[in-house]
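Colleague: Below you'll find the structure I mean.
The values are calculated or read from the model by the stated rules, or taken from the named source; none is laboratory data. Because the structure is predicted, anything quoted here is derived from the model rather than measured. In this analysis, Cβ positions are derived from the backbone assuming ideal geometry, glycine residues included, and neighbour counts consider all displayed protein chains. Surface accessibility is based on the protein's heavy atoms, side chains included, excluding ligands, DNA and RNA. Shrake-Rupley method; radii C 1.70, N 1.55, O 1.52, S 1.80 Å.
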Amino acid sequence: MPTSPTLSREVALAARPQGAPQPSDFRLTDVELPPPGEGQLLVRNLFLSVDPYMRGRMNDARSYTPPFALGETMTGGALGQVLESRAEGVPVRAWVLHDQGWRTHAVLEAGRARVVTPLPGVPLSAFLGVLGMPGLTAYVGLLRVAEFRAGDAVFVSGAAGAVGSVAGQIARLKGASQVVGSAGSADKVAHLKNDLGFDAAFNYRDGPVAAQLREAAPDGIDVYFDNVGGEHLEAAISAMRPFGRSALCGAISVYNATRPPEGPRNLALAIGRQLTLRGFIVSSHADMQGAFLREAGGWLAAGELKAEETVVDGIDAMPAAFMGMLAGQNTGKMIVRLGEPD
Ligand code: NAP
């Protein structure tokens, strides 16, 4: 075990991005670490998460999470190891999941950390991806929000990403009649079909989404898992069968937009077809965490659920990892690795 550090290297928000974030929007700083007080932990972070929702927090706008403060270290999902503990029930060396990301080390209240037990054969970083918030989002969105039923034909956008790749695989495991995915490169499309068991997939950059979706699912879809919004959502509404259900999970195509989006223009179809379009935030569905971990753990152990990761090394590369994730440089979960487990 290394001796306790006195400094944490951290990423602060230097400027609010206009459109796509730029390197100058971030600043690396070395911050003095206070000694942990009563009930607190000193944690060495090993894996950090970059997530699309963080882009929204960089704007000075009201949302379901408050904006990041300018000039301050940002927060986000992190998996670390306890170096010092002044809290009962959390021993030194325990693995903890917490929200003090964007930094190499954190001093935090033990109540804000969840001790996790690694699963055999599953990397620890999975607690930020397939076994973490993105995995739970896929599970909740498909099974509860979209009310998936065996036999449904399912379309997932952002299908090669952290949430989408799990949503599509769960649909297959739960008996979908067809699973169609869209992603932004030929390699990702091949990955969906060859590695993740999607029945059909297309590259949304190759042509209009509506035409490509019609070709992939000529009989229509029952469920749409929306990670992208905009043109994808419009195409899915057009493709939906009567009583189709859509889980509105994210709208990444508009996160960097500097003017209001143009669509979907066909919302009135939802009336005659009696469609359900339902937005959700994963944190409102924490009650499904136990069932999710049991099922996902079982699928992972059996090799039925695959979880790709794209790993970027080092805290200094974290802004680039975040910008890269927004630009589609990741397949599966984008992870920033700060070190290896002891
Ligand atoms: P991710 O899919 O792993 O990474 C983002 C991906 O978005 C990129 O890899 C890129 O892949 C795609 N993308 C970027 N710009 C795009 C565009 N203009 N059109 C289409 N695709 C684009 O991220 P994630 O963590 O799994 O999140 C996926 C979605 O779920 C996001 O919208 C996120 O906000 C949402 N989410 C919602 C909740 C919730 O509680 N509601 C929780 C977690 C995540 P391509 O190469 O395919 O373009």
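Colleague: Hey, could you grab the Kirkwood Rh for region 206-254? Inverse mean 1/r over distinct alpha carbon pairs, Å, one decimal. Kindly include the intermediate steps, with their values, before the conclusion.
Modeller: Numbers: mean 1/r = 0.0924 Å⁻¹.
Computed over region 206-254, the radius equals 10.8 Å.
Colleague: In 10 Å bins starting at zero, report the fraction of Cα pairs in region 10-78 per bin as a rounded %.
Modeller: Calculated P(r), rounded to whole percents: 18, 46, 28, 8, 0.
Colleague: To continue, here is another question. Quick one: work out the % antiparallel among DSSP beta bridges in region 1-124, nearest 5. Walk me through the numbers on the way to the answer.
Modeller: On the way: 28 of 29 bridges.
In region 1-124, DSSP labels about 95 percent of beta bridges as antiparallel.
Colleague: Also, quick follow-up: Where both residues lie in the chain, what percent of DSSP beta bridges are antiparallel, nearest 5? Mind dumping the intermediate values first?
Modeller: Working: 31 of 58 bridges.
Taking every DSSP beta bridge within the chain, about 55 percent pair in antiparallel fashion.
Colleague: If you don't mind, there's one more thing I want to ask. Just to confirm the number: angle between the C-alpha axis of helix 230-239 and the first principal axis of the chain, 0 to 90 degrees, nearest 10?
Modeller: 40 degrees
Colleague: Please compute the net charge surrounding I170, taking Lys and Arg as +1 and Asp and Glu as -1 over other residues with Cβ under 11 Å from its Cβ.
Modeller: Numbers: positive: R172, K174; negative: E295, E304.
With Lys, Arg at +1 and Asp, Glu at -1, the net is 0.
Colleague: When Rg is the radius of gyration of the Cα atoms in region 285-342 and Rh is its Kirkwood radius, what does Rg/Rh come to?
Modeller: On the way: Rg = 14.7 Å, Rh = 13.5 Å.
With Rg and the Kirkwood Rh in hand, the quotient comes to 1.09.
Colleague: What is the sum of charges, Lys and Arg at +1 and Asp and Glu at -1, for the other residues whose Cβ falls under 11 Å from the Cβ of A146?
Modeller: Details: positive: R144, R149, R245, R278; negative: E147, D152, D222, D226.
Result for the local shell: 0.
Colleague: Quick check on region 31-147: what does the Kirkwood estimate of hydrodynamic radius come out to from the alpha carbon pairs, in Å? Write down the numbers at each step before the final one.
Modeller: Working: mean 1/r = 0.0647 Å⁻¹.
That comes to 15.5 Å for region 31-147.
Colleague: Across bins of 10 angstrom width beginning at 0, how are the C-alpha pair distances of region 103-166 distributed, in whole percent?
Modeller: 17, 38, 29, 13, 3
Colleague: Just to be sure I understand the curve: with the Debye formula and one point per C-alpha of region 164-271, what is log10 I(q)/I(0) at q = 0.10, 0.16, 0.20, 0.24 Å⁻¹?
Modeller: Treating every Cα as an identical point scatterer, log10 I(q)/I(0) equals -0.27, -0.70, -1.11, -1.56.
Colleague: For region 1-135, what does the accessible surface come to per residue with a 1.4 Å probe? Please give it in Å². Don't skip to the answer; put the middle values down first.
Modeller: Working: 6060 Å² over 135 residues.
With all protein chains present, region 1-135 gives 45 Å² per residue.
Colleague: Suppose every Lys and Arg Cβ carries +1 and every Asp and Glu Cβ carries -1, with no other charges. What dipole size does the chain come out with about its Cα centre, to the nearest 20 debye? Can you show the working numbers first?
Modeller: Values: 30 positive and 34 negative charges, 128 e Å.
The dipole magnitude comes to about 620 debye.
Colleague: In addition: Using Stokes-Einstein with the Kirkwood hydrodynamic radius over Cα pairs, what translational diffusion coefficient do you get for region 171-218 at 37 °C and a viscosity of 0.692 mPa s, in µm²/s rounded to a whole number?
Modeller: 302 µm²/s
Colleague: Would you kindly calculate the mean projected area, averaged across all directions, of the convex hull enclosing the Cα atoms of region 228-342, in square nanometres?
Modeller: Details: hull surface 43.0 nm².
Value for region 228-342: 10.7 nm².
Colleague: Among R245, R114, R259, what's the order by accessible area (1.4 angstrom probe), most exposed first? Can you show the working numbers first?
Modeller: Details: R245 20, R114 95, R259 165 Å².
Reading off the accessible areas and sorting them downward yields R259, R114, R245.
Colleague: Around G135, what is the net charge, scoring Lys/Arg as +1 and Asp/Glu as -1 over all other residues with Cβ under 13 Å from its Cβ?
Modeller: Working: positive: R294, K306, K333; negative: D51, E295, E308, E309.
With Lys, Arg at +1 and Asp, Glu at -1, the neighbours total -1.
Colleague: Please report the projected area of the chain's Cα convex hull averaged over all directions, in nm². Each step should come with its number before you reach the end.
Modeller: Values: hull surface 67.6 nm².
With the hull built on Cα positions only, its mean projection is 16.9 nm².
Colleague: Moving to a separate point now. When you take every Cα atom in region 118-205, what is the radius of gyration, and what is Dmax, the widest Cα pair distance, in Å?
Modeller: 12.8, 39
Colleague: Sticking with this structure for a sec: On the accessible surface of the chain, probed at 1.4 Å, how many percent belong to carbon and sulfur atoms?
Modeller: On the way: 7670 of 14920 Å².
Answer for the chain: carbon and sulfur cover 51 percent of the accessible area.
Colleague: Where both partners of a DSSP beta bridge lie in region 67-152, what percent of those bridges are antiparallel, to the nearest 5?
Modeller: Details: 7 of 8 bridges.
Of all bridge pairs located within region 67-152, approximately 90 percent are antiparallel.
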